[in-house]
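Below is one structure, written out as structure tokens; comments come after it.
The values are calculated or read from the model by the stated rules, or taken from the named source; none is laboratory data. Computed from a prediction, not measured in an experiment: that's the story for all the values here. Please note that ligands, DNA and RNA were not included when accessible areas were found on the heavy atoms of the full protein model with its side chains. Shrake-Rupley method; radii C 1.70, N 1.55, O 1.52, S 1.80 Å.
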Amino acid sequence: MVHRPGWQSAGLYFPGFTADDANPDIGDSTITETAGYGGFAMAAAPAITQFVGGTPQMAIDATREMYEITCGEHDGFTIPILNFRGTPLGIDVRQVMETGILPRLNTGIAHKKPASAWWARASCAPGEVFAAAFEALKEECVVRTA
């Protein structure tokens, strides 16, 4: 699987804080990626791109890359810098396996103490999840055609 350089994967923390201060990711932010926003729509959010450690060009490149592993484009969420193209929508596990491109994820990081601090992270989904899903789909297809 492809891990792109330049994006933070451990998270961006305020000075004096580390990953030891953070709660585990609960996954709600990563679900939004499949709906066509979050890390998939980074080209539409240059300010957030800078906050998670990227540049505007990296954001455009990341969004363009997500089109390669999705099965559609959102009708309602469009990206002006990409000529109002719809955000990438619906991760296709077959395309992930074929290209080796992992979905981009943007997520908030909550402090272990409620209401203490928030940080941000831009990373990629774990490749093992897609490999397992691909194998399960292959097995399902074999069973259905047998």
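Values computed for the structure shown
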| item | result |
| --- | --- |
| List CYS141, CYS71, ordered by accessible area with a 1.4 Å probe, largest first | CYS71, CYS141 |
| Amide proton proximity set for THR70, modelled H, under 5 Å, gap of 5+ | ASP92 |
| Accessible area of GLU33 in the full protein assembly, 1.4 Å probe (Å², nearest 10) | 0 |
| For LEU105, residues with placed amide H under 5 Å, excluding near neighbours | SER123, CYS124, ALA125 |
| Anisotropy class of segment 25-124 from Cα gyration tensor, a/c 1.5 cut | prolate |
| Backbone HN-Hα couplings from phi across segment 59-68 [Karplus 6.51/-1.76/1.60, Hz, Gly and Pro as x] | 5, 4, 4, 5, 5, 4, 5, 5, 4, 6 |
| Residues whose placed amide H lies under 5 Å from that of PHE77, excluding near-sequence neighbours | THR87 |
| Difference of contour (0.36 nm per residue) and Cα-Cα distance, THR18 to ASN83 | 19.5 nm |
| Karplus-derived 3J(HN,Hα), 6.51/-1.76/1.60, for each residue of segment 41-52, Hz, glycine and proline x | 10, 4, 4, 8, 9, x, 5, 5, 4, 5, 5, 9 |
| Geometric extent, Cα atoms of segment 37-78 - Rg, Dmax (angstrom) | 10.1, 29 |
| Compactness relative to 2.2 N^0.38 Å, alpha carbon Rg of segment 10-74 | 1.26 |
| Karplus-derived 3J(HN,Hα), 6.51/-1.76/1.60, for each residue of segment 29-36, Hz, glycine and proline x | 5, 5, 5, 5, 4, 5, 8, x |
